[in-house]
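Visitor: Questions regarding the structure given below will be posed in turn.
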Amino acid sequence: MARVLISMPEKFLDEIDSVADAENRTRSELIREALRTYMYRSQLRNTQKASSNAEILDALLG
């Protein structure tokens, strides 16, 4: 598995560690899940935007 080095404020890292501890997960697992969720939501937004744009175009051309 590849490793990535990121920078963040200490306070934010402390919050991440607290959540990870509360969920019995590693920091890496929590961050991977957060990124998966972000990418999934971003994909949904883009799909919805494309669908909306297609409807608008269809209405204009129809």
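The values are calculated or read from the model by the stated rules, or taken from the named source; none is laboratory data. Owing to the predicted nature of the structure, the values given are computational and were not obtained by experimental measurement. So basically every Cβ, Gly included, is an ideal-geometry build from the backbone, and we count neighbours across all protein chains shown. What goes into the accessible areas is simple: the full protein's heavy atoms, side chains included, and nothing from ligands, DNA or RNA. Shrake-Rupley method; radii C 1.70, N 1.55, O 1.52, S 1.80 Å.
Visitor: Give, in nm to one decimal, the length gained when the segment between Ser52 and Met39 is fully stretched (0.36 nm per residue of separation minus the Cα-Cα distance).
Guide: Details: separation 13, 0.36 × 13 = 4.68 nm, distance 1.98 nm.
Full extension from Ser52 to Met39 adds 2.7 nm.
Visitor: Helix 10-22 versus the longest principal axis of the chain: what is the Cα-based angle in degrees, 0 to 90, to the nearest 10?
Guide: Between helix and principal axis, roughly 90 degrees.
Visitor: Moving to a separate point now. Can you give me the angle between helix 27-61 and the longest principal axis of the chain, using Cα atoms only, in degrees from 0 to 90, rounded to the nearest 10?
Guide: 10 degrees
Visitor: In a shell of Cβ-Cβ distance under 14 Å around Ile6, excluding Ile6 itself, what net charge do Lys and Arg (+1) and Asp and Glu (-1) give?
Guide: Around Ile6, the surrounding residues sum to +2.
Visitor: Given the DSSP H assignment, sum -39500 (n - 2.57) over each helix run of at least 4 residues in the chain and divide by its residue total; what's the result at 222 nm in deg cm²/dmol, nearest 500?
Guide: Counting only the DSSP helices, I get -27500 deg cm²/dmol.
Visitor: Can I ask one more? How large is the accessible surface per residue of the chain, computed with a 1.4 Å probe and reported in Å² as a whole number?
Guide: Working: 5830 Å² over 62 residues.
Using a 1.4 Å probe on heavy atoms only, each residue of the chain averages 94 Å².
Visitor: Set Lys and Arg Cβ to +1 and Asp and Glu Cβ to -1, take the dipole of the chain about its Cα centre, and tell me which of Leu60, Tyr40, Ala20 lies farthest positive.
Guide: Leu60
Visitor: With a 1.4 Å probe and every protein chain kept in, tell me what percent of the accessible surface of segment 3-62 is carbon plus sulfur.
Guide: 55 percent
Visitor: While we're looking at this one, here's another question. Once the other residues with Cβ under 12 Å from the Cβ of Met39 are scored (Lys, Arg +1; Asp, Glu -1), what is the net sum? Write out the running numbers ahead of the final one.
Guide: On the way: positive: Arg32, Arg36, Arg41, Arg45; negative: Glu33.
Computed value for this residue: +3.
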